[in-house]
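**Student:** Take a look at the following structure, please.
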Amino acid sequence: MGNLVDLIKKDLRYEEALKACMNCGMCTAVCPAAEFYDYDPRRICDTVQRGDEASIERLMRSDTIWYCGQCMSCKPRCPRGNAPGEIINILRKISQELGYFKDSHMGLQQIQLMNETCQNILDIGYCVHPDRVVPERHVEQGPIWEWFIENIEDVAPKLGANYHGDGAGALRNIPHEDMDEIHKIFEVTGGMEFREKVLK
């Protein structure tokens, strides 16, 4: 058994994620990503189950593992109780730890996610916040973001948000003690160290 297989099996999620794939293809049949991409969760489970190091490494260096949208439609449909989406999470994490993700166009997007989403969490406690959205970088949203940001003072209260307010509610200011706790969680769980590996 090689190094990559050991790393996969060492992940706590592995035991529940891949029990015994029988290659029925149910996961691929219900997968939304498989409809739009050259993507087959069944093949990914088969590759991991076979334990061929070279094939697993190719998978970790490819775009394939980044097509999954993590909807987990695969898990409740699998007759063996496998969770291909969770196997993909394991592969993604190891790919990031080993730097393999940098060989993939889709994988390289992880750097931007760490720079933006992760930094938002560390700075203000939110993954996505209207104050930090640059509409020009999200053209797929059309004019919605731009309109929302321009009208946020009027719109946010109508949606039940507490924009820059104290107390409860979406878009509220996160108290300093909570922000300190978020930073501690990142430190204790290895999130800061993992972030640095991805950004190297």
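The values are calculated or read from the model by the stated rules, or taken from the named source; none is laboratory data. Not measured: the values here are computed from a predicted model. Because the Cβ atoms are built from the backbone with ideal geometry, glycine has one as well, and the counts that use them run over all protein chains shown. When the accessible area is computed, the model is the full protein with side chains, heavy atoms only, and any ligands, DNA or RNA have been set aside. Shrake-Rupley method; radii C 1.70, N 1.55, O 1.52, S 1.80 Å.
**Student:** Enumerate the amide H contacts of Ala83 below 5 Å, restricted to partners 5 or more residues apart or on another chain; note that Pro and chain-start residues carry no placed amide H.
**Tutor:** Here the answer is Leu18, Lys19, since their amide H atoms fall under 5 Å of that of Ala83.
**Student:** Putting +1 on Lys and Arg Cβ atoms and -1 on Asp and Glu Cβ atoms, find which of Gly169, Phe194, Pro157 reaches farthest to the positive end of the dipole of segment 153-200.
**Tutor:** Phe194
**Student:** Output wanted: per-residue J couplings in Hz (rounded whole) for segment 161-172, from phi through Karplus 6.51 cos²θ - 1.76 cosθ + 1.60, θ = phi - 60°, x for Gly and Pro.
**Tutor:** Here the 3J(HN,Hα) series is 7, 10, 4, 6, x, 9, x, 7, x, 5, 6, 5 Hz.
**Student:** While we're on this one: From the backbone phi of segment 38-54, what are the Karplus-calculated ³J(HN,Hα) couplings (6.51 cos²θ - 1.76 cosθ + 1.60, θ = phi - 60°) in whole Hz, Gly and Pro given as x?
**Tutor:** Values per residue, Gly and Pro as x: 7, 9, 9, x, 4, 5, 5, 4, 4, 4, 5, 5, 5, x, 6, 4, 5 Hz.
**Student:** Can you tell which of Pro84, Trp66, Phe36 lies farthest toward the positive end of the dipole of segment 20-84, using +1 and -1 charges on the Cβ of basic and acidic side chains (Lys, Arg; Asp, Glu)?
**Tutor:** About the Cα centre, the residue reaching furthest to the positive side is Pro84.
**Student:** Can you work out the accessible area per residue across the chain, with the rest of the protein chains kept in place, probe 1.4 Å, in square angstrom?
**Tutor:** Solvent-accessible surface per residue comes out at 59 Å².
**Student:** Can you give the extra length, in nm with one decimal, that the chain gains between Val134 and Asp46 once fully stretched, where that is 0.36 nm per residue apart less the Cα-Cα distance? Write down the numbers at each step before the final one.
**Tutor:** On the way: separation 88, 0.36 × 88 = 31.68 nm, distance 4.06 nm.
Taking Val134 through Asp46 to full extension adds about 27.6 nm, to one decimal.
**Student:** Sticking with this structure for a sec: Between Leu113 and Lys197, how many nm apart are label points set 7 Å from Cα along the C-beta direction?
**Tutor:** My value for the distance between the label points is 1.5 nm.
**Student:** List, in the order given, every pair from Lys9/Lys200; Lys19/Lys75; Lys9/Lys184 whose Cα-Cα distance in the structure shown is over 22 Å.
**Tutor:** Among Lys9/Lys200; Lys19/Lys75; Lys9/Lys184, the Cα-Cα distance tops 22 Å for Lys9/Lys200; Lys9/Lys184.
**Student:** Something else now. Looking at segment 67-98, which trypsin sites (Lys or Arg not before Pro) are in a loop (DSSP not H, G, I, E or B) and have at most 14 other Cβ atoms within 10 Å?
**Tutor:** Arg80
**Student:** Can you give the relative contact order of the chain as a percent, counting alpha carbon pairs under 8 Å and 6+ residues apart?
**Tutor:** It rounds to 18 percent for the chain.
**Student:** Next question, about the same structure. Which value, in Å² and to the nearest 10, is the accessible area of Val188 when all protein chains are kept and the probe is 1.4 Å?
**Tutor:** Solvent-accessible area, nearest 10 Å²: 130 Å².
**Student:** Excluding Ala161 itself, calculate the net charge of residues whose Cβ lies under 14 Å from the Cβ of Ala161, where each Lys or Arg counts +1 and each Asp or Glu counts -1.
**Tutor:** -2
**Student:** For segment 107-180, run through the GluC sites (Glu not before Pro) and keep only the ones in DSSP coil with at most 10 other Cβ atoms within 10 Å of their Cβ. Intermediate values should be presented prior to the final figure.
**Tutor:** Working: sites: Glu116, Glu136, Glu140, Glu146, Glu150, Glu153, Glu177; in loops: none.
Loop-located and lightly packed - none at all.
**Student:** Roughly how many percent of the accessible protein surface of the chain is carbon and sulfur, given a 1.4 Å probe and a whole-percent answer?
**Tutor:** 53 percent
**Student:** Sort by residue number and name the cysteines in the chain that have no neighbouring cysteine Cβ under 4.7 Å.
**Tutor:** Cys24, Cys31, Cys68, Cys71, Cys78, Cys118, Cys127
**Student:** Pairs of Cα atoms under 8 Å, at least six residues apart: use those to get the relative contact order of segment 34-149, whole percent.
**Tutor:** So the answer I get is 19 percent.
**Student:** At a probe size of 1.4 Å, how large is the accessible area of Ile185, to the nearest 10 Å²?
**Tutor:** Estimated to the nearest 10 Å², Ile185 gives 90 Å².
**Student:** So how strong a dipole does segment 1-157 carry about its Cα centre when Lys and Arg Cβ are +1 and Asp and Glu Cβ are -1, to the nearest 20 debye?
**Tutor:** Roughly 940 debye for segment 1-157.
**Student:** Still on this structure, please answer the following. Using the Karplus curve 6.51 cos²θ - 1.76 cosθ + 1.60 with θ = phi - 60°, what ³J(HN,Hα) values do you get for each residue of segment 183-200, in whole Hz, with x for Gly and Pro?
**Tutor:** Karplus values, whole Hz, x for Gly and Pro: 5, 5, 4, 4, 5, 5, 7, x, x, 5, 5, 5, 4, 5, 4, 5, 7, 4.
**Student:** Further question: Taking the Cα centre of segment 13-65 as origin, work out the dipole magnitude from +1 charges on Lys and Arg Cβ and -1 charges on Asp and Glu Cβ, in debye rounded to 20.
**Tutor:** Working: 7 positive and 10 negative charges, 19 e Å.
For this selection, approximately 100 debye.
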